[in-house]
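We did not get these values from a lab; they are worked out from the coordinates using the rules stated. The structure displayed is predicted, hence computed values, not measured ones. When we count neighbours, we look across all protein chains shown, and the Cβ atoms used for this are built from the backbone with ideal geometry, even at glycine.
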Amino acid sequence: MIWELQQQSKIASAEEKAQRAISKADRYAQDIADLKRHSERLSLACQAMWELVRERTGLTEDEIETKILEIDARDGRIDRKIATRQLVCPSCGKPTNSRRTTCVLCGVPLPREHQFEV
């Protein structure tokens with residue numbers, strides 16, 4: 001009888017863990033779908049901006065590709081990513097990284113070179 005109660009308790013615990021895992025997987029799937037939609041909207045906006053710039057300035061595909069490679073190489077690697085960089089807090093002088101918007105230690109907003117910096 002005690003053994004049966006222990007087994008039922010273990011089964012209930014396993015079912016609870018399985019349900020939490022399913023919920024977590026559902027949340028991750030929704031996050032992925034949201035990110036995909038966001039990425040598609042960003043791609044569309046970038047394409048629209050590029051076409052407007054090209055039409056109004058006469059820039060070429062080669063020029064935009066050269067600029068993309070220049071930006072990509074800033075971190076020393078051509079990997080089609082904008083990498084994080086180490087920054088120094090202008091207030092406390094402690095190191096931090098470019099993914100942060102404020103210093104972890106003193107809370108001062110960190111300067112950005114450009115809007116898309118990560």
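Observations on the structure shown:
- For Lys94, the lysines whose Cα comes closer than 26 Å to its Cα, not counting residues fewer than 8 places off in the same chain, are Lys81.
- Whole-percent pair-distance distribution, where bins are 5 Å wide, for the alpha carbons of the stretch 1-96: 2, 10, 7, 10, 10, 10, 10, 9, 7, 5, 5, 5, 3, 2, 1, 1, 0
- Springs between Cα atoms under 10 Å define the GNM used for the chain, and in it the highest mean-square fluctuation of Leu35, Leu59, Leu69 occurs at Leu35.
- For the stretch 1-82, trypsin sites (Lys or Arg not before Pro) are listed when DSSP marks them as loop and at most 12 other Cβ atoms sit within 10 Å of their Cβ; the list is Arg77, Arg80, Lys81.
- Fully extended contour minus Cα-Cα distance, from Arg20 to Ile32, at 0.36 nm per residue: 2.5 nm
- Under a 5 Å amide H cut-off, with hydrogens placed 1.01 Å from N, Asn97 pairs with Leu87 among residues at least 5 apart or on other chains.
- No disulfide-compatible partner, judged by a Cβ distance under 4.7 Å, exists for the following cysteines of the chain: Cys46.
- Pairs of Cα atoms in the stretch 47-118 fall into 10 Å distance bins, from 0 up to the last occupied one, in shares of 18, 34, 27, 16, 4 percent.
- Stokes-Einstein D for the stretch 1-44, Kirkwood Rh over Cα pairs, 37 °C, 0.692 mPa s (µm²/s): 253 µm²/s
- Computed extension length for Leu5-Cys46: 8.7 nm, one decimal, from 0.36 nm per residue of separation with the Cα-Cα distance subtracted.
- Karplus-based coupling profile of the stretch 45-55, in residue order and whole Hz: 5, 4, 5, 4, 4, 4, 5, 5, 4, 4, 5, with θ = phi - 60° in 6.51 cos²θ - 1.76 cosθ + 1.60 and x standing for Gly or Pro.
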